[in-house]
Structure formats: C-alpha cells, structure tokens
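Asker: There's a structure below that I have some questions on.
The values are calculated or read from the model by the stated rules, or taken from the named source; none is laboratory data. Owing to the predicted nature of the structure, the values given are computational and were not obtained by experimental measurement. Counting neighbours? That spans all protein chains shown, and the Cβs are built from the backbone with ideal geometry, glycine included. For the accessible areas, the whole protein counts, side chains as well, though only heavy atoms, and no ligand, DNA or RNA atoms are used. Shrake-Rupley method; radii C 1.70, N 1.55, O 1.52, S 1.80 Å.
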Amino acid sequence: MGTVLHVIYLFSFFQMLFLFQRCPRYIQPQNLTQNLTSVSEFFLLGLSDDPELQPLLCVLFLSTYLVTVLGNLLIILAIISDPNLHTPMYFFLSNLSLADIGFVSTTVPKMIVNIQTHSRVISYEGCLTQMSSFILFGCLDGMLLSMMSYDRFVAICHPLHYLVIMNPHLCFCLVLVSFFGSLMDSQVHNLIVLQLTCFKDVQISNYFCDPSLLLKLACSDTFTNNIILYLTGAIFAFVLFSGIFFSYYKILSSILRVPSSGGRYKAFSTCGSHLTVVCLYYGTGLGVYLSSAISQSPRKDALASVMYTVVTPMLNPFIYSLRNRDIKRALCRFLNKTI
C-alpha cells in the first residue's frame, strides 16, 4: 500500500511539471464572452452565490471532509495494526480507503479555500491537475471494487484454494493494474483537454473542474473528443460492471446450492458491505449522470455531483465498520492502544 502511495505522489509531481511546460499563460478575465485563445485561469461558480450560505457551506464541507479522511484513515491504521486483518480482502479495503481519501481531497479542500478567501479562481494548471486527479481516484475506486468482487468470488466459490489463488503477489499486481488503468483513463481526458485551443468562456458551472464542462466551454468542434471520452468511459464502465456482475452471478449460484439457510446467510453476509458500497458508488454515479441529462440547471447539477464526490467516500468507512465485526474489533483494539 505504501508503494502505491509513493507512485501516486511521484505521478502528481511529474504531471505538474508536464502541465507547467504545456499550459498557456495569459488571460483577460474582464471579457468573458470573447473567444479566448490563451487561458491561465478558470472561475468555479460553486454551489451558491448567496453570501449568507457561504459560512454554512464551509462548515458543512469541512466537517464532511474531516469525517471522510479520519474514517478512512482509521480503517487503514486498524488493518495495518491487526495481524488478523492481513488478508486479501482487507488489503483491497485499505487501498479503497486510500483512494477515497485521495478522491475527496481533490475537490473539497479547494472549495473550502475558495469560500474562505472569497475567490473562485483556479489556475489552468491547477484545473487540469484537479481534473486528472479526480478521474484517477474515481476510476481507481471503481477498479478496486471490481477486484474486491473477484476476491469475494474466489473466497465463496473456491474456499479451499482461496489463499493459494489470492496470494500477496497477485493482490499487489491487481492493485497496480487498477492504478495504471485509472492513470491511463485520466491521461486520455488530460490529453484531450490539452488539445483545446480556445474557450468561449472561463466560468465552470461547478465547484471543481469537471472534464465534460471543460469541453462545453471549448469554442472549437469537440464532437470527436466527446466520442472518444464517452467511448472510453463506456468501455471502462462495461468492463468493470461486467466483472462485478459475473462475480456475483457465480457467488449467488454457489450460495443457492448451500443446503441450510444459515449457511447461505453466513456466506452472503461476507459480501454485504461490498455489495452496499458497489450499489452506492454506481447508483450515485448513474443518478448524477441522469439528472444532468434531464436537468437544465447548472446549480442542480453541481448539487447532485456532491453525492458521489463527497457523500459516497464519507459513507464507505461507516458501511464497512458498522457491518463488519472484524473491523469493529480491530478499531477498538487500535483505539485502546492509542488512548
């Protein structure tokens, strides 16, 4: 897990060097209607223009961010400190918690800073870095959930060979594949946005740099770029969802062959937390996509995006800690040692 974190930090450092070399430098922010051939700043519209709501939004997002980071960090520390949790399932869970911390850290801190400084400006380089990191950690969440479904499939359908199949080498390789697959997807988005030569506007109708909104701001024809992005996203989502669907199809078939109802419940209870997180992750993502397709209000789209960018990462540690006795015991032992 530490190696993966170091790789992420190195990637972010080299990506910033790349962006500073490629990005144009100057803008006239006074004129937002003229086509801009050179952009150095974007303006995030946020969730509300009401000055009275800004302190409430700041407190709300700060508390949510702290709960998310501390909750996921506690799960990581509990898994590391408890030898009984050094198993493939909890190895993937610790990496999922790490990805959730990275995912929420790409958007919420910037929004809090914007509220505190009464400024909604984000630099061109910062916008592309935020966009790339957002896609990287979002895709990493989806890929890790798919790997965890495979882990549950092996544990239930091939219990006698579980430790042989899910050996540490394979688990580490699966995490690396998840990371580099997510990295490739984020770089596809990054390269497409870097090809944009001018923008109609610099106002992004959200509180973070959404790649789809950046394409809408382009004054050039983005039909081909949209096709590439949607095709890449569709293939990516299809592969991940197919893996999860196939794993749970096999799991359900295997559980139904168990003669006793108690045995079926015990077998399926090991999948309860993971299945809940999967439904939450894909349910909120699909809900936001459908709402943005139907709704014509940018503010409502921004509010809907809060569900999968903020709420979902915050709920994941609660789902795993409240539904998992091993995590509860490990957390209690860790807190007792710490206190």
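Asker: Just to verify a number: FRET efficiency for F238 and R325, C-beta to C-beta distance, R0 = 51 Å, to 0.05?
Answerer: Using R0 = 51 Å, I get an efficiency of 0.90.
Asker: At 222 nm, what value in deg cm²/dmol follows for the chain if DSSP H runs of at least 4 each add -39500 (n - 2.57) and the sum is divided by all its residues, to the nearest 500?
Answerer: Roughly -25000 deg cm²/dmol at 222 nm, from the helical runs in the chain.
Asker: Test of understanding: express the Cα radius of gyration of segment 79-161 as a ratio to 2.2 N^0.38 Å, with N the residue count.
Answerer: Rg over 2.2 N^0.38 Å, computed on Cα atoms: 1.51.
Asker: Within the accessible area of the chain, what % is carbon and sulfur when the probe is 1.4 Å and the other protein chains stay in place?
Answerer: 70
Asker: Sticking with this one: Probe radius 1.4 Å, ligands and nucleic acids left out: which of V188, V202 has the largest accessible area, and how do the rest follow?
Answerer: Putting V188, V202 in descending order of accessible area: V188, V202.
Asker: With each pseudo-label sitting 7 Å past Cα toward Cβ, what's the Y249-I228 distance in nm, one decimal?
Answerer: If labels sit at Y249 and I228, their model points lie 3.3 nm apart.
Asker: Which ³J(HN,Hα) values in Hz, rounded to whole numbers, follow from the phi angles of segment 306-316 under the Karplus curve 6.51 cos²θ - 1.76 cosθ + 1.60, where θ = phi - 60° and Gly and Pro get x?
Answerer: Values, residue by residue: 4, 4, 8, 8, 10, 5, 4, x, 6, 7, 3 Hz.
Asker: Candidates (i) 18.4, 61; (ii) 19.9, 67; (iii) 21.5, 72; which is the computed Rg and Dmax of the Cα atoms in Å?
Answerer: (iii)
Asker: Which one, M89, N226, F199, projects farthest toward the positive side of the charge dipole computed for the chain from Cβ point charges (K/R +1, D/E -1)?
Answerer: Positive-most Cα among the choices belongs to M89.
Asker: Subtracting the Cα-Cα distance from 0.36 nm times the residue separation, let me have the gained length for H169 to V113 in nm, one decimal.
Answerer: 16.0 nm
Asker: Given H placed on each backbone N at 1.01 Å, which residues far from N206 in sequence or on other chains put an amide H within less than 5 Å of it?
Answerer: L45, G46
Asker: Stretched out fully, how many nm does the piece from S48 to S81 gain, at 0.36 nm a residue minus the Cα gap?
Answerer: 7.6 nm
Asker: Percent relative contact order of the chain, based on C-alpha pairs within less than 8 angstrom and at least six residues apart?
Answerer: 27
Asker: Taking amide H positions as placed in the peptide plane 1.01 Å from N, state which residues far from E41 in sequence (5 or more) or on other chains have amide H under 5 Å from it.
Answerer: So E41 has HN proximity to Y124.
Asker: Further question on the same structure: Select from Y320, G262, Y282 the residue farthest towards the positive end of the dipole of segment 252-339; place +1 on Cβ of Lys and Arg, -1 on Cβ of Asp and Glu, and compute about the Cα centre.
Answerer: Going by the charge dipole, the pick is G262.
Asker: Please give the length that would be gained between Q203 and S105 if that part of the chain were fully extended, namely 0.36 nm times their separation in residues minus their C-alpha to C-alpha distance (nm, one decimal). Could the numbers behind the result be given before it?
Answerer: On the way: separation 98, 0.36 × 98 = 35.28 nm, distance 2.20 nm.
Here the answer is 33.1 nm.
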